[in-house]
Each structure stands twice: as C-alpha cells, then as structure tokens.
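A.B. asks: Got a structure for you, questions after.
Just so you know, all these numbers are worked out from the coordinates, no wet-lab data involved. Quick caveat: nothing in here was measured; it's all calculated off a predicted structure. We place every Cβ from the backbone using ideal geometry, glycine too, and count neighbours over all the protein chains shown.
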Amino acid sequence: MGADEMTEIHGTCDDEFEPVQAAMAANFDSGQELGASVCVTLGGNPVVDLWAGDADENGRPWQADTIVNVYSTTKTMAATVMLMLADRGEIDFSAPVATYWPEFAANNKEGVLVSHVMAHNAGLSGFDPAIAPEDLYDEEAVEHHLAAQRPWWEPGTHSGYHAISQGNLEAGIVRRVSGRSIGTFFREEVAEPLGADFHIGLPASEDHRVGDLVPSGAGLDGTDTAIDSIAARTLLSCPLDATETRTRAWRGAEIPAAGGTGNARSIARVHSALACGSEVDGVRLMSPGGVERIFEPQSEDVDLVLGMKMKLGMGFGLMNESIPLSPNPRTCFWGGWGGSIALIDVDAQLTVRYAMNKMASGLVGDLRGAMIVMSAYQALAQL
C-alpha cells in the first residue's frame with residue numbers, strides 16, 4: 001500500500017460510535033497498523049464490528065473471520081473459567097491451591113491461595129529452572145514443573161506479573177477439579193454456547209484463517225532490566241519469539257496465559273456476557289454475583305515484573321490512577337504483548353476490544369488500543 005493510500009475499513013459501526021472508526025482509521029493512517037479488528041458492544045449488542053488491513057506481510061487481506069494470537073488477552077478467558085468454577089462452588093478462591101492439587105504444596109507452597117494465582121501474587125512468576133517455548137506444548141509437564149518450584153517471594157505480599165505461568169497454574173487447578181483441560185472446558189462451557197470464535201488450542205482446520213503476528217523487534221526477554229531482578233528472571237525463564245505463533249505446534253497447544261487465538265468480535269462476545277451481569281442472548285455463564293468477584297481487590301502496589309502500580313482484582317486489572325481507562329469503578333481490563341486490549345465496563349454494560357497483528361513493544365497493551373477505548377467512551381458520553 002502506498003503512503004498516500006487510505007486503508008479501507010470493513011464491517012459495521014453505528015453512527016453514534018463513529019469516533020471509534022475514526023480512531024481505528026487514524027491508527028492505520030499513521031502507519032502503526034498492518035491488520036486489525038475492533039469490536040464494541042453495548043448492552044450485549046455489537047455497535048462496532050470493524051476490520052481492516054492485511055493478515056500478513058504478503059498482502060493477504062484481513063477478512064471478517066480472520067483470527068490472530070492475542071497473547072495475554074487470553075488470560076481473561078482463563079479467568080472466566082476460574083470464575084465459573086468458583087461460582088459453582090467447585091473451587092474456593094480463599095483456599096490453598098494444594099486443596100485441589102496436593103503435590104503443589106511442595107517447596108513451601110502450602111500457603112499459596114487460589115486468589116494469589118488469580119492476582120499474580122503466588123510468587124511463581126517464572127519457571128525455575130528455565131524452560132523453552134516448545135516446552136509449553138506439554139501442558140501437564142509444565143504443571144508438574146510449577147508444582148515442584150519454590151516461590152521467588154512470599155506469596156500474597158506483592159504482585160509480580162505471571163506472564164506465562166498464571167495460565168498453567170489455573171489450568172492445573174481446572175484439570176484436577178473438572179477432569180478437563182482448561183481449553184476443553186472453555187470450548188464446551190463458554191465458546192460453543194456463546195458461538196464465540198475463540199480458541200485455547202486451535203484446530204488445524206482453522207489455520208488458514210490465522211493472521212501472522214509481526215514482531216516489533218523488541219523481544220520479551222527481560223534484557224532491559226537488572227539480570228537478577230524478578231522481572232528479568234521471569235521473562236528470561238521462558239523467552240518468547242512472536243514468530244513462534246505462526247507454527248502449528250504453538251497454535252494447537254493449550255497455553256492459557258498467552259496462546260489464545262481469536263479476534264475482537266469473538267472476545268467481545270465472551271466479555272459481553274460479563275459486562276451484562278453474566279448473561280447475553282439467553283446464555284448464562286455464572287450468577288451475577290460470580291461476575292462481581294472480579295472487583296474484589298487483591299493487591300495494589302508496584303508490580304515486580306511490570307514495574308508500574310497495578311490494582312488487581314480476581315483475574316483482571318482494575319482501574320487506578322496509573323491506568324485510568326474508564327470513569328466507571330466496576331471496570332476491568334487486560335491486554336496482550338504487542339498491543340491487544342480488552343475492557344469490560346459492568347456499570348455501562350460496555351465492552352471494547354482491539355486485536356492486531358503488527359506488534360508494538362508493550363507487554364500489556366499500547367497507545368493504539370488506548371485510543372480505541374477513549375473513542376468508545378467519547379461516543380458513549382454523547383448518547
């Protein structure tokens with residue numbers, strides 16, 4: 001595409017939410033995008049469903065059904081599974097993980113609570129000893145690896161972003177409580193009932209629809225932090241290369257903190273149920289009280305890995321002065337390496353979702369997604 005050519009944006013956008021389309025167009029016009037999708041729902045109904053650009057560097061068009069690896073936005077799906085099990089009384093967030101996973105108590109982890117896992121407070125932000133990305137493809141082996149570890153700090157005292165390990169810890173609990181892998185539980189209990197095209201473990205039959213992530217050049221390796229810091233130890237314990245997501249092995253594996261594949265529409269479909277108090281179009285994931293568990297504050301301090309002040313609830317980030325994405329208190333969010341972002345505003349019954357393939361260097365989102373969120377609130381304020 002030439003420098004003077006405007007990117008054609010496809011899909012639908014209610015007139016009142018035109019600022020969202022304008023923000024998406026601005027991202028493309030500035031040269032920051034290759035391909036992307038944006039979805040906004042209000043009251044469970046899509047008011048913005050847009051896509052544009054290319055799915056790879058060879059000019060393959062981003063289509064309505066293009067899906068892409070969204071890295072840590074996947075965590076919101078794993079958290080949804082955990083919230084559902086807690087709502088059913090099958091797990092207790094205040095109970096030790098070892099209640100459900102006895103071998104996890106090894107190496108002084110008897111006091112690690114399920115809530116610590118949900119809020120990155122478990123002291124297991126990385127793998128010790130370190131593992132390679134391909135080791136993630138054996139989900140049960142990774143669970144055994146974590147069960148044998150000693151925490152790097154006293155659990156429950158600080159948050160330290162469990163970039164990869166959080167999903168495996170949650171998967172270990174889900175497997176032992178439900179008898180199913182977390183990807184299977186998600187597919188059977190969430191994605192299929194809602195008709196959401198999101199996958200934790202993508203079938204090979206869907207590979208042709210996947211867009212290629214294009215790395216920013218800044219690897220997720222911790223080399224910009226002190227080598228003995230928790231941040232460096234975390235990121236170096238499983239150094240990722242974004243091109244790994246183009247392989248069948250990565251796509252097919254269940255990597256519940258970083259390996260989910262979907263688009264803005266499919267993630268918004270799941271999140272709209274949470275935004276509407278647990279139910280959308282007659283499909284109920286949990287009770288309204290189950291959704292409210294998200295907003296129980298677990299910690300608020302400078303995260304040992306991210307290096308910024310984070311207010312963490314049960315499986316999601318909450319609003320604070322460092323991340324003022326929403327004016328409404330019952331708003332939660334998360335983002336993914338490279339730029340993807342998801343916001344759920346229960347007060348307004350609003351969801352905002354952005355997924356792209358041209359990565360920026362941000363670990364949990366970047367300015368492109370923030371501009372999409374801001375434009376959605378600009379539109380909402382005029383209704």
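A.B. asks: Given springs between every Cα pair under 10 Å in a Gaussian network model of the chain, which of GLY289, GLY183, GLY160 has the largest fluctuation?
C.D. replies: Comparing GLY289, GLY183, GLY160 in a Gaussian network model of the chain, the most mobile one is GLY289.
A.B. asks: Here's a follow-up. Compute the signed sum of charges (Lys and Arg +1, Asp and Glu -1) over the other residues within less than 15 Å, Cβ to Cβ, of LYS309.
C.D. replies: Every neighbour counted, the sum reads -3.
A.B. asks: Find how much the distance from HIS208 to GLN63 grows on full extension, using 0.36 nm per residue of separation minus their present alpha carbon separation; answer in nm with one decimal.
C.D. replies: The span from HIS208 to GLN63 would gain 51.1 nm if fully extended.
A.B. asks: Can you work out the FRET efficiency for the pair ASP135 and ASP15, with r the C-beta to C-beta distance and R0 = 45 Å, to the nearest 0.05?
C.D. replies: The value I calculate is 0.35.
A.B. asks: Apply the Karplus curve 6.51 cos²θ - 1.76 cosθ + 1.60, θ = phi - 60°, to the phi angles in segment 153-165 and return the couplings in whole Hz, x for Gly and Pro.
C.D. replies: The phi angles translate into 8, 5, x, x, 9, 8, 8, x, 3, 8, 4, 10, 5 Hz.
A.B. asks: Would you please give the FRET efficiency between LEU367 and VAL302, computed as 1/(1 + (r/R0)^6) with r the Cβ-Cβ distance and R0 = 25 Å, to the nearest 0.05?
C.D. replies: 0.70
A.B. asks: Total Lys pairs in segment 9-381 closer than 25 Å by alpha-carbon, pairs eight or more apart in sequence or interchain only?
C.D. replies: Taking the Cα cut-off of 25 Å, the pair count is 5.
A.B. asks: If you work out Kirkwood radius over Cα pairs in Å from the coordinates, which of (i) 21.5; (ii) 22.4; (iii) 20.5 do you get?
C.D. replies: Among (i) 21.5; (ii) 22.4; (iii) 20.5, the one derived from this structure is (iii).
A.B. asks: Then there is this: Can you list residues from other chains, or at least 5 along the same chain, whose modelled amide H is less than 5 Å from the amide H of TYR71?
C.D. replies: For TYR71, whose amide H was placed from the backbone, the distant partners under 5 Å are GLY260.
A.B. asks: Right, here's the next one. State the extension gain, in nm to one decimal, for the chain segment bounded by ARG284 and THR247, taking 0.36 nm per residue of separation less the distance between their alpha-carbons.
C.D. replies: 9.9 nm is the gain from fully extending ARG284 to THR247.
A.B. asks: Given H placed 1.01 Å from N in the peptide plane, which residues other than close sequence neighbours of TYR161 have an amide H under 5 Å from its amide H?
C.D. replies: So TYR161 has HN proximity to LEU304, VAL305, LEU306.
A.B. asks: Angle check, please: helix 264-275 long axis (alpha carbons) against the longest principal axis of the chain (alpha carbons), in degrees 0 to 90, nearest 10.
C.D. replies: Value to nearest ten degrees: 60.
A.B. asks: What list of ³J(HN,Hα) couplings, whole Hz, do you get for segment 203-208 from phi and the Karplus terms 6.51, -1.76, 1.60, once you set θ to phi - 60° and write x for glycine and proline?
C.D. replies: x, 4, 4, 9, 4, 5
A.B. asks: Taking H placed 1.01 Å from N in the peptide plane, check which residues at least 5 places from VAL210 or on another chain put their amide H under 5 Å from its amide H.
C.D. replies: ILE67
A.B. asks: With θ taken as phi - 60° and the coefficients 6.51, -1.76 and 1.60, list the Karplus ³J(HN,Hα) couplings across segment 348-355 in order, rounded to whole Hz; mark glycine and proline as x.
C.D. replies: 9, 6, 10, 10, 10, 9, 9, 9
A.B. asks: FRET efficiency for ALA105 and GLN378, Cβ-Cβ distance as r, R0 = 45 Å, nearest 0.05?
C.D. replies: For R0 = 45 Å, the calculated efficiency reads 0.35.
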